[in-house]
Amino acid sequence: VQLQAFGGGLVQPGGSLRLFCAASGFIFSISIMGWYRQAPGKQRELVATFSVGGSTNYADSVKGRFTISRDNVKNTVYLQMNSLKPDDTAVYYCRVYYLGTIYWGQGTLVTVSS
């Protein structure tokens, strides 16, 4: 299983970024994909994820601003982030739950600052 997350960078408050997570080594269409983040000095937390039934779940702090989506042909999961705030600054990780095992990508840094 390999997960490669990219798309992070420096953005001003109110700006947007789109993160990508390219997956390989497993059957993407039956996996449960999600995005998590870890800010400096804080624990890793859920940002957005797909549930078993395919619906989406979001942290309260990002509802209405972030959107998770997936492309089962390209084996890619996305995180569209709008109206970014300084509190969104963190390393963002994609995660897959597949056949009872959790796998993590390497993370991509998002910095929201003026």
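The values are calculated or read from the model by the stated rules, or taken from the named source; none is laboratory data. Computed from a prediction, not measured in an experiment: that's the story for all the values here. Neighbour counts run over all protein chains shown; Cβ positions are idealised from the backbone, glycine included. To get the accessible areas, we keep the full protein, side chains included, count just its heavy atoms, and leave off ligands, DNA and RNA. Shrake-Rupley method; radii C 1.70, N 1.55, O 1.52, S 1.80 Å.
Applying the condition of being exposed (fewer than 15 other Cβ atoms within 10 Å of the Cβ) and part of a strand (DSSP E or B) to region 98-107 and asking which residue is farthest from the chain's Cα centre (by Cα) yields Thr101. Within region 1-26, being among the hydrophobic types (A, V, I, L, M, F, W, C) and either in a loop (DSSP other than H, G, I, E, B) or more than 20 Å from Ser83 (Cβ to Cβ) (or both) holds for Val1, Leu3, Ala5, Phe6, Cys21, Ala22, Ala23, Phe26. Can you spot a residue in region 27-34 that is hydroxyl-bearing (Ser, Thr, Tyr), at pLDDT below 95, in contact with a strand residue (DSSP E or B) (Cβ under 9 Å, 6 or more places away or on another chain) and open to solvent by less than 20 Å² (accessible area, probe 1.4 Å)? Yes: one or more hits.
Answer yes or no as to whether Tyr78 is within 25 Å of Pro13 (Cα to Cα), of a type outside the set (Asp, Glu), open to solvent by 30 Å² or more (accessible area, probe 1.4 Å) and within 10 Å of the chain's Cα centre (by Cα). When the stated conditions are applied, Tyr78 does not pass them.
Residue-wise test of (1) without any contact (Cβ under 8 Å) to a residue 60 or more places away in the chain; (2) among the polar types (S, T, N, Q); (3) assigned to a strand (DSSP E or B).
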| site | (1), (2), (3) |
| --- | --- |
| Asn57 | yes, yes, yes |
| Thr67 | yes, yes, yes |
| Lys74 | yes, no, no |
| Leu79 | no, no, yes |
| Leu84 | no, no, no |
| Val96 | no, no, yes |
| Leu109 | no, no, yes |
